[in-house]
Every structure is written in structure tokens, then in C-alpha cells.
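Following: one structure in C-alpha cells, then a few remarks.
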Amino acid sequence: MRPTALFISNIRWDFVWQRHQTLASLFARDYDVVFCEIPGTRRPRLRDLACVWDKLRRFRSGPVPGDPAPSGMRVVRPPVLPAAYTSLCRLNALRLERWLQHEARLREGVDLIVNYSAARTALQLIDRVPHKKLIYDCTDDWLAVSGIPKFLPKDEQQILLRADLTLVPSRTLLERKQSQAKRCVRLPHGALVERFLVPMRPLHGLEDLVLLYYGHLHRQHLDFELIETIARLRPGWRLRLVGPVKTPHVFPANVTLVGQVPHANLRHEVSRADVILLPYAINRYTEAVMPAKTYECLATGRPVVAARLPELISEFQDVIAFPGTTEDWVPAIENQVRLDNESARAARIALARANTWEQRYERILELLNSN
């Protein structure tokens, strides 16, 4: 009988593909994986009422749109609400108890829990599912997110103390979390390299470049004003922003909001691009971020121009351009295109190949066995 792993995810399986879905897919080779989607801590708004009611009245599991769940995995959605208030957390505890009555495999216990959430709902679920080991895969500094509930720091502290292993992708996040964790290890994101290998794009000049960003569009981590400035300074360029819009913004006409694209289909967008952008805002939240797409971007072979995030600066000075100010972005993009050659492309791809998700998965197994 194969071991069982419960993944507690703060994003949906069919949301923008990230570390959560990738590692769950890799674990599904060796484990029976239950991928459990729970909401975060954002306070429900009036426009959310229909979705909230739908969650409360329905139990759902099974296939979902987007990238299909692999063999050995089941996606489940307990009917719980965002853990924004203590009253909602109390209601969630009752809802989880009722939901687990229908989840015999979880009630019996699992070999491993991999948790991505600092929400109290995650703690409640961890308390109710017997397990042998607990990993807290802390991908972001949730305490730096605006509008978090006052009790979130204590809840995350409990998770850090109880986890047998805490993983973080960046040095800054390691510095912020390791003093509270039982065992904290930096494990950078990797790449599914084969998904992003695309033919070289013929370049016809600097006047009509195609720039690409993919990921969800949220003002907390993305510099909308920077994107707008680039678009206005070079009206002949086309900027394609691929991913769900989480914060609305009116961009110039040469900026196209493509919407969400399945991860396996992103190569079609990449093949149309001359340069890939990582135009992040700089704040306390993003200072702890290593973009999940970093090695994917390098795997494309395309020039990458990025904001000066600490983790990127420390690791990728040789293969990524880092403009200093907003005014420096357009010259930096043009310079990267002028200087690009086969040797530079090969170096980017080679670095991605040295940092695959397969290697990251093997490292996690090593850490589990040595714990």
C-alpha cells in the first residue's frame, strides 16, 4: 500500500501553476496525494457572497479545469470560509468536522502533511488529521501581507513550532522564519524545463519588441506604474500580461491582458516574446520573494529583465538584467536584446537545467529521511 500525503493548499489546483501543484504532482508518483484547497485570510466582500454560499452548501472533489490532476492525486475542497475572523474560524472547525466524516482515508491518518497556509483553518485541519510528519512549505512572508487578521502571527508561529521541516525559497525568508522553526531549510523554486524550451525568435529590430510577464496581476507584488511607463515610452512595443487580474488597472492600448493560460500552454506565449519581464514592486512582502517562475524564464533562453529583488540580485547577476530606476528599464531591455547571443541563451538554459523540480523533489525526500 502506498503512503498517503495531504497537501493543504492556499491556492486552487486550477489557479496559476506554482510550487504547490508541481510538488504535489511529483509526490503523486510515490504517494497517494490528497490536494486540499482552503481559502486564505482575506475578508469576504459582498461580491463574494455567492461563492461563499456555494462553498457552504456543497462538497466537491474530483477533476477541475486547467492542468489535469495526475494519477495518484485527488483534489478536494472542504466547504470552509476565509479565516478572517475568529467567528469564521469557529464555524470552519465545525465544517471541517462534518467534512472529515466523509473522508475516511484522512480520518485514519496520513504519512505526511505538506502545508502551504498560515491560516487558522490549516491548523484546524492539521489537528484533525493524524500524521507522521509535517512540512510547512512557506513560500511567502504572509505576515507582510496587508490586511491580515491580528491572530495570524500566532497561528503561523504554531505551525513553525510544530512542523518537522519548514522550507523557504529565499534567504530573506530564511532569516525571518528560522528562529521560530524547529528546522528551517532554504529550498529555491525549480523549473519544469521541458515545458519552456522554445525555438529562438527571429529579431527584426528594437521598434516592435514583444515583452511578456506571466503570473497573477496583483498590485501588492507587481509594479503597475512601471509597466505603464514602459508601454508609454515605447508605443510600438507590445506588452502581454498573462494571468488572472487580481487588482484592476487601466493600461495603455499596447498592453494586452491575456488572462489565465494553463501552465502546459505557456510555451505558446513564450514563443511570441522577445524579452521576459519580472516587474515586481519593492516592499516588505516582495523583499522575501523568489519568483516561482525564475528558472522557468531562464529555461526559455529569452533575455530576462527584473526588479531588484534581494534573492534575484544575490543569485542571478550573470544571467538577468536589473535596472536601477524606472527610467532605466527601457534602455536595459534594449541593451539585453542587442547583446543577446547563442552563448548567453545557452548559459540561461544551462542554469535552469541545473535547477529542476525533479532535483528539488529529491532534496525534499533526503531532508525527510534525515529528519
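The number of residues in the range 96-136 being in a helix (DSSP H, G or I), in contact with a helix residue (DSSP H, G or I) (Cβ under 7 Å, 6 or more places away or on another chain) and β-branched (V, I, T) comes to 1. When the range 183-216 is limited to residues that are free of Cβ contacts under 8 Å to residues at least 60 places away in the same chain and at negative phi, the one that is nearest to the chain's Cα centre (by Cα) turns out to be R186.
In the condition set (1) over 23 Å from P3 (Cβ atoms); (2) free of Cβ contacts under 8 Å to residues at least 60 places away in the same chain; (3) out of contact with any Ser or Thr (no Cβ under 7 Å at 6 or more places or on another chain), S71 is compliant with all but (1).
Output the residue which, of all residues in the range 232-248 that are at pLDDT 95 or above and aliphatic (A, V, I, L, M), is farthest from the chain's Cα centre (by Cα). Among residues in the range 232-248 that are at pLDDT 95 or above and aliphatic (A, V, I, L, M), the one farthest from the chain's Cα centre (by Cα) is L233. When the range 321-352 is filtered for residues that are in contact with a strand residue (DSSP E or B) (Cβ under 8 Å, 6 or more places away or on another chain) and in contact (Cβ under 8 Å) with a residue 40 or more places away in the chain, the ones remaining, listed by number, are W329, I333, Q336, V337, R348, A352. Suppose the filter is among the β-branched types (V, I, T) and surrounded by fewer than 16 Cβ atoms within 10 Å (Cβ to Cβ); does T166 pass it? No; evaluated as a whole, the condition is false for this residue.
Looking only at residues in the range 170-182 that are of a type in the set (D, E, K, R) and surrounded by fewer than 16 Cβ atoms within 10 Å (Cβ to Cβ), which one is nearest to N355 (Cα to Cα)? Walk me through it before giving the result.
First, the residues of the range 170-182 that are of a type in the set (D, E, K, R): 171, 175-177, 182.
Remaining after also requiring surrounded by fewer than 16 Cβ atoms within 10 Å (Cβ to Cβ): 175, 182.
On the way: E175: 22, K182: 26 Å.
Taking the candidates together, the pick is E175.
Among the conditions (1) in contact (Cβ under 8 Å) with a residue 40 or more places away in the chain; (2) closer than 26 Å to T86 by Cα, K133 misses just one, which is (2).
Just for the range 249-271: of the residues that are more than 20 Å from the chain's Cα centre (by Cα) and of a type in the set (S, T, N, Q), which one is nearest to Y213 (Cα to Cα)? Quick ask: steps written out before the conclusion?
The first filter runs over the range 249-271 and keeps only residues more than 20 Å from the chain's Cα centre (by Cα), leaving 249-256, 268, 271.
Filter again for of a type in the set (S, T, N, Q), leaving 254, 256, 271.
On the way: N254: 14, T256: 11, S271: 13 Å.
Restricting to residues being more than 20 Å from the chain's Cα centre (by Cα) and of a type in the set (S, T, N, Q), the top hit is T256.
With the requirement that a residue be free of Cβ contacts under 8 Å to residues at least 60 places away in the same chain and either under 20 Å from T41 (Cα atoms) or not small (G, A, S) (or both), what does the range 169-182 give you? Explain how you work it out, then say what you get.
The first filter runs over the range 169-182 and keeps only residues free of Cβ contacts under 8 Å to residues at least 60 places away in the same chain, leaving 174-175, 177-182.
Those that are free of Cβ contacts under 8 Å to residues at least 60 places away in the same chain and either under 20 Å from T41 (Cα atoms) or not small (G, A, S) (or both): L174, E175, K177, Q178, Q180, K182.
When the range 14-24 is examined, which residues are found to be over 11 Å from the mean Cα position of the chain (by Cα) and surrounded by fewer than 24 Cβ atoms within 10 Å (Cβ to Cβ)?
If the condition is that a residue be over 11 Å from the mean Cα position of the chain (by Cα) and surrounded by fewer than 24 Cβ atoms within 10 Å (Cβ to Cβ), then D14 is the only one that fits.
Over 24 Å from R308 (Cα atoms) and either touching a Cys at 6+ places or on another chain (Cβ under 7 Å) or modelled with pLDDT under 95 (or both): which single residue out of R219, R201 fits that description? So the residue among R219, R201 that is over 24 Å from R308 (Cα atoms) and either touching a Cys at 6+ places or on another chain (Cβ under 7 Å) or modelled with pLDDT under 95 (or both) is R201. What number goes with the only condition from (1) closer than 23 Å to D274 by Cα; (2) among the polar types (S, T, N, Q); (3) in contact with a Lys or Arg (Cβ under 8 Å, 6 or more places away or on another chain) that N335 does not pass? Of everything listed in (1) closer than 23 Å to D274 by Cα; (2) among the polar types (S, T, N, Q); (3) in contact with a Lys or Arg (Cβ under 8 Å, 6 or more places away or on another chain), N335 misses just condition (3). So the check is Cβ under 8 Å with 6+ separation or different chains; which pairs have a first residue in the range 263-283 that's basic (K, R) and a second one that's at pLDDT 95 or above and assigned to a strand (DSSP E or B)? Matching pairs, first to second residue: R272/V210; R272/L212; R272/R240. Of all residues in the range 13-41, those satisfying the criterion of being charged (D, E, K, R) and closer than 19 Å to E103 by Cα are D32, E37.
Of the strands (runs of 3 or more DSSP E) lying entirely inside the range 151-247, those containing at least 2 residues that are aliphatic (A, V, I, L, M) and more than 26 Å from S314 (Cα to Cα) are 238-242.
Conditions tested, residue by residue: (1) assigned to a strand (DSSP E or B); (2) in contact with a strand residue (DSSP E or B) (Cβ under 6 Å, 6 or more places away or on another chain).
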site: A69; (1), (2): no, yes
site: V76; (1), (2): yes, yes
site: L81; (1), (2): no, no
site: A84; (1), (2): no, no
site: L94; (1), (2): no, no
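In this structure, is P248 in the same structural domain as P303 (by TED's automatic domain parsing), out of contact with any helix residue (DSSP H, G or I) (no Cβ under 7 Å at 6 or more places or on another chain), free of Cβ contacts under 8 Å to residues at least 12 places away in the same chain and exposed (fewer than 15 other Cβ atoms within 10 Å of the Cβ)?
On the way: in the same structural domain as P303 (by TED's automatic domain parsing): yes; out of contact with any helix residue (DSSP H, G or I) (no Cβ under 7 Å at 6 or more places or on another chain): yes; free of Cβ contacts under 8 Å to residues at least 12 places away in the same chain: yes; exposed (fewer than 15 other Cβ atoms within 10 Å of the Cβ): yes.
So P248 passes the test.
The values are calculated or read from the model by the stated rules, or taken from the named source; none is laboratory data. Quantities reported herein were computed from a predicted structural model and do not represent experimental measurements. Backbone-built Cβ (ideal geometry, glycine too); neighbour counts: all protein chains shown.
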